[in-house]
Amino acid sequence: MTLRSQVAVGLKWKAISIVGRQLLSFVVFTTLARLLNPSAFGLAGLVSVYLGFVGMFADQGIGTALVQRRHLDPGHVNTAFWFNVACAFALCLGTVVLAGPVSLLFGEPKLAPLLRVSSLNLVISAVASIHGTLFYRDMDFRRPALRILVANGAGGVVGVVMAFLGCGVWALVGQQLAASIGGAAFLWAASGYRPQWQYSYRHLRDLFKVSTSVLATSILWFLSSRLDQIVIGRFAGVPALGFYMIGGKLPDMAKIVTHDPMADVSLPALARLQGDHRKMCDAIYRGMEMNALVCFAIFIGLAAVAPDLIPLLFGAKWAAAAVTCSLLSVYALVNAVQVFFHPSLLASGGAGRYLLLNVWHTTGVLVACAVGIHWGVNDLVIGLILNGLVVSVPALLFLRKRIGLDPGQYLRPCLAPALAAAFMVAAIWVLGRELPAGAPGAVRLAAKVGAGAVVYLACIYAFGRRAAERLAETLSHAFHRRVKVPAALA
């Protein structure tokens with residue numbers, strides 16, 4: 001099977017995973033948003049920030065090292081499994097002991113019991129993380145996709161039931177625990193890999209050659225992507241963080257639909273081309289065509305209709321989150337344009353350059369948060385957008401030097417979608433002024449979405465028809481050809 005077929009099939013299963021996952025997430029989240037108050041979401045957001053940070057030290061980039069390594073033997077896999085499990089147990093115990101001081105650091109004493117219970121997620125995830133990694137290494141995205149559906153289904157049922165029973169923030173904790181257990185159980189049932197009692201420092205050193213750079217990069221990326229939540233929760237308060245979490249939910253869902261599939265499939269695909277930079281660049285240019293066509297429509301469209309969409313989905317009490325949603329949608333678009341930076345540098349062996357790039361990016365995020373929070377949450381997001389645009393310049397220069405990527409050719413596919421998105425926003429704005437003020441919210445939203453979609457597609461047909469045809473060809477490759485995906489390492 002050709003690499004193109006594997007990428008197409010991988011994107012298909014990622015799409016299936018994402019559609020199912022987002023449908024479940026959409027139903028569950030909207031239900032929980034109507035049952036819980038802003039403080040509950042703010043507390044859960046702080047728990048998520050903490051677990052996301054310490055969780056990196058359970059894996060330490062070992063999973064990425066397994067995917068990137070060209071030659072892999074059972075010693076690498078077994079060593080990685082036991083290393084991850086041991087680190088996860090240590091971090092779980094450390095959280096139980098230090099939950100009190102950590103909660104005081106966040107300025108929220110109510111966090112302590114939530115952190116202790118939620119730390120079980122670290123161990124549950126570590127027990128099955130290598131199984132999922134092996135599927136990704138073989139570009140078998142079907143079973144990880146099914147795992148996500150199982151996990152989200154189990155978590156959604158538990159979370160909604162607990163919320164109806166009046167459990168408050170504990171409903172969100174129970175949702176995450178149930179999702180972790182369901183996903184881990186599925187991966188063990190679907191995978192042929194069973195860990196052996198084997199641990200080798202030599203194999204661990206092999207993996208650390210890549211994982212150390214990945215871990216450092218992950219820490220910086222975590223800080224750059226979660227520092228906003230930390231600053232808002234600590235200085236603006238937990239309720240303000242709750243509104244921020246609601247405002248960011250739809251952009252996050254859109255990011256999962258657009259950015260994450262491309263990023264997940266790109267790393268193993270580009271790693272197979274690491275010896276041929278010309279082919280790597282050609283693959284990136286083709287991927288950017290698809291990425292730009294979809295991302296500009298979704299993120300700019302979401303930013304335009306957020307004032308109608310947020311109250312309709314989550315209730316009138318969340319209307320103040322609409323402006324934040326619009327700004328975070330623009331920020332998500334900036335990140336989506338950068339989707340190939342990470343996999344390209346890692347696949348080509350340029351982890352050090354990517355680490356330096358993340359140092360600059362994280363420094364900019366720190367400045368944006370420190371300055372922006374004095375004026376308000378929305379000003380903080382504007383700072384994040386500006387920082388993302390600035391960091392794109394050195395990233396493109398690194399890729400030009402590393403693999404010969406042409407920055408102009410990389411960004412050229414954005415021109416037609418950007419122009420189409422501008423016309424789309426203008427059409428939505430004009431229609432919004434013409435619609436009767438007393439029209440139901442659902443009618444106003446449907447009219448704006450329909451008009452925006454028609455205008456965007458018409459502009460793409462006029463200005464970017466070839467790119468749209470190539471996107472359709474790739475989708476056809478994914479859904480109409482029957483191809484055999486390699487089995488995961490046993």
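Side notes on the structure shown:
- Residues satisfying the stated conditions in the range 91-106, i.e. within 19 Å of Trp170 (Cα to Cα) and either touching a residue at least 24 places away in the same chain (Cβ under 8 Å) or crowded, with 18+ Cβ neighbours inside 10 Å (or both): Cys92, Thr95, Ala99, Val102, Ser103, Phe106
- So Ala86, is it outside the structural domain of Gly233 (by TED's automatic domain parsing) and either touching a helix residue (DSSP H, G or I) at 6+ places or on another chain (Cβ under 8 Å) or closer than 30 Å to Gly275 by Cα (or both): no
- Here the helices (runs of 4 or more DSSP H) wholly within the range 230-319 that include at least 2 residues being surrounded by 21 or more Cβ atoms within 10 Å (Cβ to Cβ) and polar (S, T, N, Q) are 238-271.
- Residue ID - nearest to Ser326 (Cα to Cα), chosen from residues in the range 385-410 that are surrounded by fewer than 16 Cβ atoms within 10 Å (Cβ to Cβ) and in contact (Cβ under 8 Å) with a residue 24 or more places away in the chain: Leu389
- Taken as a whole, the condition of being out of contact with any Leu (no Cβ under 9 Å at 6 or more places or on another chain) and either over 20 Å from Ala263 (Cβ atoms) or assigned to a loop (DSSP other than H, G, I, E, B) (or both) does not apply to Val158.
- Condition check for Thr217: within 30 Å of Asp73 (Cα to Cα), assigned to a helix (DSSP H, G or I), touching a Leu at 6+ places or on another chain (Cβ under 9 Å) and modelled with pLDDT under 80: yes
- Selection status of Ala151, crowded, with 18+ Cβ neighbours inside 10 Å, closer than 30 Å to Ala269 by Cα, touching a residue at least 24 places away in the same chain (Cβ under 8 Å) and of a type outside the set (Lys, Arg): yes
- Against the numbered list (1) polar (S, T, N, Q); (2) at pLDDT 90 or above; (3) over 21 Å from the mean Cα position of the chain (by Cα), Thr324 comes up short only at (3).
- Checked against the criterion of being touching a residue at least 12 places away in the same chain (Cβ under 8 Å) and within 22 Å of Cys459 (Cβ to Cβ), the candidates Ala283, Ala306 yield just one match: Ala306.
- Of all residues in the range 26-37, one or more are at pLDDT below 80, out of contact with any Asp or Glu (no Cβ under 7 Å at 6 or more places or on another chain) and in a helix (DSSP H, G or I).
- Sole residue being at negative phi, modelled with pLDDT under 65 and among the hydrophobic types (A, V, I, L, M, F, W, C), chosen from Leu475, Leu457, Leu445: Leu475
- Every residue from the range 362-395 that is more than 19 Å from Gly247 (Cα to Cα) and part of a loop (DSSP other than H, G, I, E, B): His374
- Unique residue being of a type outside the set (A, V, I, L, M), touching a Ser or Thr at 6+ places or on another chain (Cβ under 8 Å) and at pLDDT 90 or above when the list is Asn378, Asn291, Asn358: Asn378
- Contacts under 8 angstrom Cβ, first residue in the range 179-205 being crowded, with 19+ Cβ neighbours inside 10 Å, partner assigned to a loop (DSSP other than H, G, I, E, B) and not small (Gly, Ala, Ser), 6 or more apart: Tyr193/Leu489; His203/Asp73
- Residue in the range 173-182 that is assigned to a loop (DSSP other than H, G, I, E, B) and among the β-branched types (Val, Ile, Thr) present: no
- Exactly one residue out of Ala90, Ala86, Ala58 is assigned to a helix (DSSP H, G or I), touching a Cys at 6+ places or on another chain (Cβ under 9 Å) and either at pLDDT 85 or above or among the small types (Gly, Ala, Ser) (or both): that is Ala58.
- Candidate set: the range 68-81, residues that are buried (at least 18 other Cβ atoms within 10 Å of the Cβ) and in a helix (DSSP H, G or I); chosen: the one modelled with the highest pLDDT: Phe81
The values are calculated or read from the model by the stated rules, or taken from the named source; none is laboratory data. Quick caveat, the model's predicted, so the values are computed rather than measured. Backbone-built Cβ (ideal geometry, glycine too); neighbour counts: all protein chains shown.
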